[in-house]
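Undergrad: Before anything else, here's the structure in question.
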Amino acid sequence: MTKVLIATDKPFAAVAVNGIREVVEGAGYELALLEKYTEKQQLLDAVADADAIIIRSDLVDAQVMDAAKQLKIIMRAGAGYDNVDTEAATQRNICVMNTPGQNANAVAELVFGMLVYGVRNFFNGTSGIELKGKKLGILAYGNIGRNVARIAKGFDMDMYAYDAFCPAEVIEKDGVKAVSSTAELFSTCQIVSLHIPATAETKNSINFELMNSMPKGAIVINTARKEVMDEDGLQQTLEARPDFKYITDIKPVIDAELKEKYADRYFATPKKMGAQTAEANINAGITAARQIVDFIQNGNQQFRVNK
Ligand code: 3PG
């Protein structure tokens, strides 16, 4: 019998697991569940007889693939797939897919939850500022960036975006000004929200030069990946600019140090929260299950991300 394993260190909401179960068992497959695992060995054991796995930010490297002798598809229920060794998957003839857009609204809503928290000085009782009329820079205009723009409109923000792959007309159609570089976005906008994936090109790309060029009262909010931030540059900016705040949903390596030194200008969620809503879990989880069934039954590879 075809076996689908959900392997999630950070579990989906129970309602989403039920939905996945319905799709998987409805197709006549078996569903196995490995949640909150603490050792890699648990994952290696669980994948041994799986034909398909549904993961979130769980690391799937060559060792995991080699332990999964029957594995045909790795399904990332979410957008970013930097946690999967896609080359190793290609070499082993394993398909890797994601579910783009399915958790985008959840992440975009969190951006504003965290932004309000940030501009109101982390609710410490002192006088903060409002988002209305402020220049918001959206770095990368994909599914999340577009949702951020949709919500920012309600706050009456002045929106800018840069995306190396999205035509300016598409951005401007949403009432967002398209700028021509990341540097222009940072030097123009008081608030910049990061929505770039972690790739060889973007890793450590948010550096001191960019952040230091931002207007007074600058805020960078990161709900993307910790790897895109140059942490030395971040520390340098916090040091050089007493008006600069960093708000993130992905703890940097230097979290403890920043917390100690810049408690009034630095905030990180204890665990990545962006996609942690019942709706996002249902959307991404059930879509993942459907894509697996469609792949196994019909060979549909529409959302394949590896070669
Ligand atoms: C994504 O890439 O989809 C988001 O970062 C959410 O990741 P998560 O599923 O680990 O919460």
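The values are calculated or read from the model by the stated rules, or taken from the named source; none is laboratory data. As the structure is a prediction and not an experimental result, all values here were calculated from the model. FYI the Cβ positions are ideal-geometry reconstructions off the backbone, even for glycines, and counts take in every protein chain you see. Surface accessibility is based on the protein's heavy atoms, side chains included, excluding ligands, DNA and RNA. Shrake-Rupley method; radii C 1.70, N 1.55, O 1.52, S 1.80 Å.
Undergrad: Do you know which residues across segment 207-223 are without any contact (Cβ under 8 Å) to a residue 40 or more places away in the chain and outside any helix (DSSP H, G or I)?
TA: Filtering segment 207-223 down to residues without any contact (Cβ under 8 Å) to a residue 40 or more places away in the chain leaves 207-214, 216, 218, 220, 222.
Answer for segment 207-223, where residues must be without any contact (Cβ under 8 Å) to a residue 40 or more places away in the chain and outside any helix (DSSP H, G or I): Asn207, Ser213, Met214, Lys216, Ala218, Val220, Asn222.
Undergrad: Return yes when Val220 is closer than 19 Å to Glu109 by Cβ and either open to solvent by less than 10 Å² (accessible area, probe 1.4 Å) or not charged (D, E, K, R) (or both) and no when it is not. First the steps, then the outcome.
TA: Working: closer than 19 Å to Glu109 by Cβ: yes; either open to solvent by less than 10 Å² (accessible area, probe 1.4 Å) or not charged (D, E, K, R) (or both): yes.
Yes: the conditions hold for Val220.
Undergrad: Hey, among the residues in segment 65-80 that are within 16 Å of the ligand (Cβ to nearest atom) and surrounded by 22 or more Cβ atoms within 10 Å (Cβ to Cβ), which one's farthest from Arg150 (Cα to Cα)?
TA: First, the residues of segment 65-80 that are within 16 Å of the ligand (Cβ to nearest atom): 74-80.
Add one more test, that the residue is surrounded by 22 or more Cβ atoms within 10 Å (Cβ to Cβ), and what stays is 74-79.
On the way: Ile74: 32, Met75: 28, Arg76: 26, Ala77: 23, Gly78: 20, Ala79: 19 Å.
Ranking the qualifying residues of segment 65-80, first place goes to Ile74.
Undergrad: Do we find that Tyr29 is of a type in the set (Phe, Trp, Tyr), under 19 Å from Ala7 (Cα atoms) and open to solvent by 30 Å² or more (accessible area, probe 1.4 Å) in this structure? Give the derivation first.
TA: Values: of a type in the set (Phe, Trp, Tyr): yes; under 19 Å from Ala7 (Cα atoms): yes; open to solvent by 30 Å² or more (accessible area, probe 1.4 Å): no.
Here the answer is no, as Tyr29 does not meet what is asked.
Undergrad: Right, something else. Inspect all residues belonging to segment 172-189 and state whether any of them is more than 14 Å from Gly217 (Cβ to Cβ) and within 18 Å of the chain's Cα centre (by Cα).
TA: No, that holds for no residue.
Undergrad: Right, something else. Please find, within segment 225-274, the residue that is farthest from the ligand (Cβ to nearest atom) out of those that are β-branched (Val, Ile, Thr) and more than 22 Å from Phe186 (Cβ to Cβ).
TA: Our first condition is that a residue be β-branched (Val, Ile, Thr); within segment 225-274, this holds for 228, 237, 247-248, 250, 253-254, 269.
Those left that are additionally more than 22 Å from Phe186 (Cβ to Cβ): 253, 269.
Details: Val253: 18, Thr269: 11 Å.
If we take residues in segment 225-274 being β-branched (Val, Ile, Thr) and more than 22 Å from Phe186 (Cβ to Cβ), then Val253 is farthest from the ligand (Cβ to nearest atom).
Undergrad: Which residues, taken from segment 161-179, are in a loop (DSSP other than H, G, I, E, B), under 22 Å from Asn204 (Cβ atoms) and of a type outside the set (A, V, I, L, M, F, W, C)?
TA: Residues of segment 161-179 that are in a loop (DSSP other than H, G, I, E, B), as a first pass: 163-167, 174-176, 179.
Going one step further and asking which of them are under 22 Å from Asn204 (Cβ atoms), we end up with 163-165, 179.
Across segment 161-179, the qualifying residue is only Asp163.
Undergrad: Quick one: in segment 95-136, of everything that is at negative phi and without any contact (Cβ under 8 Å) to a residue 40 or more places away in the chain, which residue is surrounded by the fewest Cβ atoms within 10 Å (Cβ to Cβ)? Give the steps one after another, and end with the answer.
TA: To start, the set of residues in segment 95-136 that are at negative phi comprises 95-100, 102-120, 124, 126-132, 134-136.
Next, only the ones that are without any contact (Cβ under 8 Å) to a residue 40 or more places away in the chain stay: 113, 116, 120, 126-128, 130, 132.
Values: Gly113: 12, Val116: 14, Arg120: 16, Thr126: 9, Ser127: 6, Gly128: 14, Glu130: 12, Lys132: 9.
This residue is Ser127.
Undergrad: Turning to a different aspect of this structure: For Asn222, all conditions in the list (1) of a type outside the set (Ser, Thr, Tyr); (2) more than 16 Å from the ligand (Cβ to nearest atom); (3) under 16 Å from the mean Cα position of the chain (by Cα) hold save one; what is the number of the exception?
TA: It fails just one condition, (2).
Undergrad: Follow-up question, since we're still on this one. Spot the failing condition for Gly299; the list is (1) within 23 Å of Val23 (Cα to Cα); (2) surrounded by 17 or more Cβ atoms within 10 Å (Cβ to Cβ), and only one is missed.
TA: With respect to (1) within 23 Å of Val23 (Cα to Cα); (2) surrounded by 17 or more Cβ atoms within 10 Å (Cβ to Cβ), Gly299 is out only on (2).
Undergrad: Hey, another quick one. Say we look at segment 35-57 and pick out the residues that are within 16 Å of the ligand (Cβ to nearest atom) and buried (at least 20 other Cβ atoms within 10 Å of the Cβ); which of these is farthest from Asp9 (Cα to Cα)?
TA: From segment 35-57, those within 16 Å of the ligand (Cβ to nearest atom) are 35-37, 43, 53-57; that's our starting set.
From what is left, the residues that are buried (at least 20 other Cβ atoms within 10 Å of the Cβ) are 43, 53-56.
Values: Leu43: 10, Ile53: 13, Ile54: 11, Ile55: 8, Arg56: 8 Å.
Only one residue tops the list, namely Ile53.
Undergrad: Residues being touching a residue at least 40 places away in the same chain (Cβ under 8 Å), more than 23 Å from Ile129 (Cα to Cα) and of a type in the set (Lys, Arg): count how many of those fall in segment 145-200.
TA: 1
Undergrad: In segment 235-259, how many are open to solvent by less than 60 Å² (accessible area, probe 1.4 Å) and under 18 Å from Ala224 (Cβ atoms)?
TA: Of the residues in segment 235-259, 11 are open to solvent by less than 60 Å² (accessible area, probe 1.4 Å) and under 18 Å from Ala224 (Cβ atoms).
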